[in-house]
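What follows is one structure encoded as structure tokens, with my remarks underneath.
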Amino acid sequence: MSLMQARQWDKSDPLAAKRDAFYLPPGKIYVDGNSLGPLPLSVKKRLTQVVDHQWGEDLITSWNQHQWITLAQSVGARIAPLIGAKHDEVICADSTSINLFKLLCAALNMRSDRSRILSEKGNFPTDLYMAQGLESLIGNRARLELYEPQDLLDQLDESVAVVMLTQVNFRSGRLHDMAAITKACHKAGALVIWDLAHSAGALPVDLNACEVDMAVGCGYKYLNGGPGAPAFAYVAKRHHSKLFQPLTGWMGHASPFSFETKYTPAKGLNQLLVGTPSVLALSALDAALEVFDSLDMQQLRKKSVAMTQAFVQWIDSDERTADLQLGSPRDPAQRGSQLAWHHPHAYSICQAMIERGVIADFRAPDILRMGFTPLYLSFEDIWLAKETLAEIMAGQVYLRPRFQHRQQVT
Ligand SMILES: *Cc1c(COP(=O)(O)O)cnc(C)c1O
């Protein structure tokens, strides 16, 4: 397996041209799209237009004239086909954490005779923190319980209100069987909330086919919406009439501009809105989603699997990287679009890679994490990333003092 081979694959890559949709800084290889997607050129253009013409020239009339007031719905509708949802089942607002809070409350309202919330121990902390906050707010009404994934389904019974899980684990990249788990939850009468932070835009997701009740996801990772991009929330249509969440802001009111004293929830997903939408951020995400418009997600998945498979084989067969231990499932069908490598010096290795232009990230306590994003990475890119990593390992470059300092964001 060589650079020649990687170049051969690039020649026959049907997604190769998608790279032109992004600004990629010269001399850098970005294997971190799972934390913050790079800048789509369409976003640069759109933001200039929105700032100069809409905000600048048309001022407040833009809420109507440029449909700012329905951006939450229109951007949601654009995400919908990527996750197997109908256009009016997805809305874009707030952060993933806040959307999860709203949906957890909504799920508990729909299962008012049940109090248990189940999740897994290795879930992303903010998901667990939001559930803990809710638990402390409403006392005995809700109880969060954490289990190892293999023990979770044994816990299902008529006391479980909702199971909340992240489809692709942020550390290991392990991919849950969404269809099977959702089915098991429903059999016990429980609702399920899936967090798609590491799956939306990274692999084909079919919420409708899996009969998923609710989901949340992130706009700034694989969807490339920019730092702090709005997140999204999905609720299956069959639940819309029973939807109620307690962050009852004016944008979720049935008639926000009637300025009534009493809160009346809007119909459908609009009730999930809280305050004024972030127009600049929604516009950026909307433009970023253009790259997905004509995209075949199965084709994207095929390249993603080919990339992670090639990378694992390269690391396995290179004696310089023998100390790196794969923390992701070996079977590509059981992982998302990222790879985790355990090493006691993972943080310093990551810093040394960044200095040499290969941008990955570190996850405590000992994981070097790399995202393989088929839209803008070539096989040659990831081969070069592997070579850089191997050189750093062989020369123990990571032991140099300047790579030891821990920064605030890792
Ligand atoms: C990145 C990520 C989040 C981010 O939450 P925000 O509130 O949008 O910062 C949430 N959940 C998971 C699983 C994530 O990976």
Selection count, segment 13-69, where residues are within 26 Å of residue 217 (Cβ to Cβ), out of contact with any strand residue (DSSP E or B) (no Cβ under 8 Å at 6 or more places or on another chain), of a type outside the set (Val, Ile, Thr) and in contact (Cβ under 8 Å) with a residue 60 or more places away in the chain
11
Output the residue which, of all residues in segment 126-151 that are within 16 Å of the ligand (Cβ to nearest atom) and of a type in the set (A, V, I, L, M), is farthest from residue 170 (Cα to Cα).
134
Residue, nearest to the chain's Cα centre (by Cα), within segment 162-177, restricted to residues that are under 25 Å from residue 114 (Cα atoms), away from the ligand (no atom under 12 Å from the Cβ) and buried (at least 22 other Cβ atoms within 10 Å of the Cβ):
163
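Table: residues versus (1) under 17 Å from residue 374 (Cβ atoms); (2) surrounded by 13 or more Cβ atoms within 10 Å (Cβ to Cβ); (3) touching a Gly at 6+ places or on another chain (Cβ under 7 Å).
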residue: 11; (1), (2), (3): yes, no, no
residue: 16; (1), (2), (3): yes, yes, no
residue: 24; (1), (2), (3): yes, yes, no
residue: 32; (1), (2), (3): yes, yes, yes
residue: 42; (1), (2), (3): no, yes, no
Which residues, counting only those in segment 307-330, are in a helix (DSSP H, G or I), out of contact with any Phe, Trp or Tyr (no Cβ under 9 Å at 6 or more places or on another chain) and either among the aromatic types (Phe, Trp, Tyr) or free of Cβ contacts under 8 Å to residues at least 12 places away in the same chain (or both)?
316, 319
Residue that is farthest from residue 271 (Cα to Cα), among those in segment 211-238 that are in a loop (DSSP other than H, G, I, E, B) and without any contact (Cβ under 8 Å) to a residue 40 or more places away in the chain:
211
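Given the residues 241, 199, which is the only one that is part of a helix (DSSP H, G or I), hydroxyl-bearing (Ser, Thr, Tyr) and either away from the ligand (no atom under 16 Å from the Cβ) or crowded, with 21+ Cβ neighbours inside 10 Å (or both)?
Details: 199 fails: part of a helix (DSSP H, G or I).
From the options 241, 199, the qualifying one is 241.
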Assuming residue 76 fulfils every condition listed in (1) within 16 Å of the ligand (Cβ to nearest atom); (2) over 22 Å from residue 201 (Cβ atoms) apart from one, which condition is it?
(2)
Go through the residues of segment 160-181 one by one and say whether even a single one is over 30 Å from residue 331 (Cα atoms), assigned to a strand (DSSP E or B) and of a type in the set (Val, Ile, Thr).
yes
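Among 99, 123, 109, which is the only one that is near the ligand (Cβ under 10 Å from one of its atoms) and either surrounded by fewer than 17 Cβ atoms within 10 Å (Cβ to Cβ) or part of a loop (DSSP other than H, G, I, E, B) (or both)? Write out each step before concluding.
On the way: 99 fails: either surrounded by fewer than 17 Cβ atoms within 10 Å (Cβ to Cβ) or part of a loop (DSSP other than H, G, I, E, B) (or both); 109 fails: near the ligand (Cβ under 10 Å from one of its atoms).
None of the other options fit; the residue is 123.
Values quoted throughout were computed directly from the atomic coordinates according to the rules given, and no laboratory measurement underlies them. Quick caveat, the model's predicted, so the values are computed rather than measured. Note: ideal-geometry Cβ built from the backbone for every residue, glycine included; neighbour counts use all protein chains shown.
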